[in-house]
1. Which of the residues spanning the stretch 13-43 are over 12 Å from the mean Cα position of the chain (by Cα), among the small types (Gly, Ala, Ser), over 15 Å from SER215 (Cα atoms) and at pLDDT 95 or above?
2. Could you tell me which numbered condition ASP48 fails, if it satisfies all but one of (1) within 22 Å of VAL206 (Cβ to Cβ); (2) within 18 Å of the chain's Cα centre (by Cα); (3) within 13 Å of the ligand (Cβ to nearest atom)?
3. Out of the residues in the stretch 9-44 that are more than 10 Å from the ligand (Cβ to nearest atom) and of a type in the set (A, V, I, L, M, F, W, C), which is farthest from ARG216 (Cα to Cα)?
4. Among all residue pairs at least 6 apart or on different chains, which show Cβ distances below 7 Å where the first residue, located in the stretch 159-177, is farther than 12 Å from TYR227 by Cβ and the second is of a type in the set (S, T, N, Q) and at pLDDT below 95?
5. Looking at the stretch 79-98, can you tell me whether even one residue there is buried (at least 17 other Cβ atoms within 10 Å of the Cβ), within 12 Å of the chain's Cα centre (by Cα) and closer than 17 Å to GLY11 by Cβ?
6. Name the pairs: first residue in the stretch 59-81 and within 12 Å of the ligand (Cβ to nearest atom), second residue aromatic (Phe, Trp, Tyr), Cβ to Cβ under 6 Å, at least 6 apart or on different chains?
7. List, please: which pairs have Cβ atoms under 6 Å, are six or more places apart or on different chains, and start with a residue in the stretch 126-144 that is on the phi < 0 side of the Ramachandran plot and end with one that is β-branched (Val, Ile, Thr) and within 9 Å of the ligand (Cβ to nearest atom)?
8. Quick one: is LEU149 more than 12 Å from the ligand (Cβ to nearest atom), within 26 Å of SER84 (Cβ to Cβ) and touching a Leu at 6+ places or on another chain (Cβ under 9 Å)?
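The values are calculated or read from the model by the stated rules, or taken from the named source; none is laboratory data. Worth saying up front: this structure is predicted, and the values here are computed from it rather than measured. No Cβ is skipped: glycine too gets one built from the backbone with ideal geometry, and neighbour counts run over all protein chains shown.
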Amino acid sequence: MRDQVILVTGGAGGIGGEVSRRLEQAGARVAVADLAEVRTGAPGFRCDITDAASCDETAEAVVHRFGRLDGLVNCAGVSRPHDSLTLPPAEWARMVDVQLNGAFYIAQACARRMADTGGAIVFITSTNAEAAFPRRAAYCAAKAGVAMLTKVLAIEWAAQGIRVNAVGPAYVATEMTRRNIAAGNVNEEQIKARIPLGRLAQPDDVAGAVEFLLSRQAAFITGQSLYVDGGWLAYGYF
Ligand SMILES: NC(=O)c1ccc[n+]([C@@H]2O[C@H](COP(=O)([O-])OP(=O)(O)OC[C@H]3O[C@@H](n4cnc5c(N)ncnc54)[C@H](O)[C@@H]3O)[C@@H](O)[C@H]2O)c1
């Protein structure tokens, strides 16, 4: 990763923060973009990924600051479980906006700056791109959309030398999960019992997969979703 310039969205959050630290340790020059204030050491940019103009300004600012752009990790996201029968249209639209539309806007803004040099994009999806959970219709549909977006952009941008992959975690021990546990949306003991490896993912489990997919070791891997789930999706027993 030495001297590679990587933009990490959602970098003020649990997964994005850990991805930023790990990529910096690997020698990358990391820029962090988030709606919230960024507290890592990396240069921070305020960006709302649901706003295509904000994505474009951020990608341009990163190129201005570092001279180039080699990669994007899209970790920005929200989780708000809600019954589907009563889900307000605005809530549905907001979820799709952040999780799916935003993923496209920031990827497009970055790919435009990597089209001459090549690069790599990693979307953070979820096991919910494959496995249905109740009260998460918009989240699951949007994540499944990003898994397909990963494939489409991978085959389209292969001509520009841009690889596009996704990392899909099961429950990760971050603020997002802590909020869901506190709100009664998630039962931690039930989850641990459902995961063959018997624990939540740590942010570093996710960051390791991201680093691999950005690296030259993954030079011939594109259009793939790599699930970091302790065996959740494989498990089909009781
Ligand atoms: N935590 C989990 O268990 C888990 C599991 C699977 C997938 N994921 C996915 O991983 C990603 C990161 O999750 P996390 O656990 O680090 O959550 P988090 O809440 O700790 O961090 C998310 C970050 O995204 C930022 N963000 C939200 N909306 C934004 C927007 N419109 N523009 C820019 N930034 C925005 C927030 O400010 C926050 O800093 C999300 O896409 C989430 O869906 C999380």
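1. Of everything in the stretch 13-43, those that are over 12 Å from the mean Cα position of the chain (by Cα), among the small types (Gly, Ala, Ser), over 15 Å from SER215 (Cα atoms) and at pLDDT 95 or above turn out to be ALA31, ALA33.
2. The failed condition is (1).
3. The extreme case among them is ALA42.
4. Qualifying pairs under 7 Å: TYR171/THR177; MET176/SER79.
5. yes
6. Correct list of pairs: ASN74/PHE123.
7. Matching pairs, first to second residue: LYS143/THR125.
8. Answer is yes for this residue.
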